[in-house]
Amino acid sequence: MTEVLFPTLSKESPETEGVLATWFVAEGEAVAADQLLAEVQVDKVSAEVPAPVAGTVHLLVAEDDPVIQGRPIARIDA
């Protein structure tokens with residue numbers, strides 16, 4: 001199992017909450033390494049989150065939910 005973390009977009013305030021803006025995959029979907037999983041936002045900065053490994057994705061956070069940077073948003077079972 002590999003955790004997918006919310007990226008740290010604000011280096012000055014790593015405990016800042018962001019929002020999971022969009023999932024590009026569904027629960028239980030098979031994904032390839034480097035496939036785009038989600039878009040996240042902190043303040044007015046957005047970033048794309050790729051899959052670190054191939055496998056089956058399990059979403060831990062819903063769209064529009066607040067998430068602290070560096071926390072898990074999904075896991076991938078290889």
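Within the range 54-64, can you find the residues that are in a loop (DSSP other than H, G, I, E, B), surrounded by 12 or more Cβ atoms within 10 Å (Cβ to Cβ) and of a type outside the set (A, V, I, L, M, F, W, C)? Full working, then the answer.
First, the residues of the range 54-64 that are in a loop (DSSP other than H, G, I, E, B): 54, 60-64.
Right, trim to surrounded by 12 or more Cβ atoms within 10 Å (Cβ to Cβ) and you get 54, 60-61, 63.
Within the range 54-64, 63 is the sole residue that qualifies.
Just give me the residues in the range 69-78 being touching a Phe, Trp or Tyr at 6+ places or on another chain (Cβ under 7 Å) and surrounded by fewer than 17 Cβ atoms within 10 Å (Cβ to Cβ), in sequence order. Result: 70, 71.
Could you list all residues from the range 13-33 that are under 14 Å from the mean Cα position of the chain (by Cα) and among the acidic types (Asp, Glu)? 17, 27 - these are the residues of the range 13-33 that are under 14 Å from the mean Cα position of the chain (by Cα) and among the acidic types (Asp, Glu).
FYI, it's all coordinate maths here, none of it is from the lab. Keep in mind it's a predicted model, so treat the numbers as computed, not measured. Note that each Cβ is placed from the backbone with ideal geometry, even for glycine, and that neighbours are counted across all protein chains shown.
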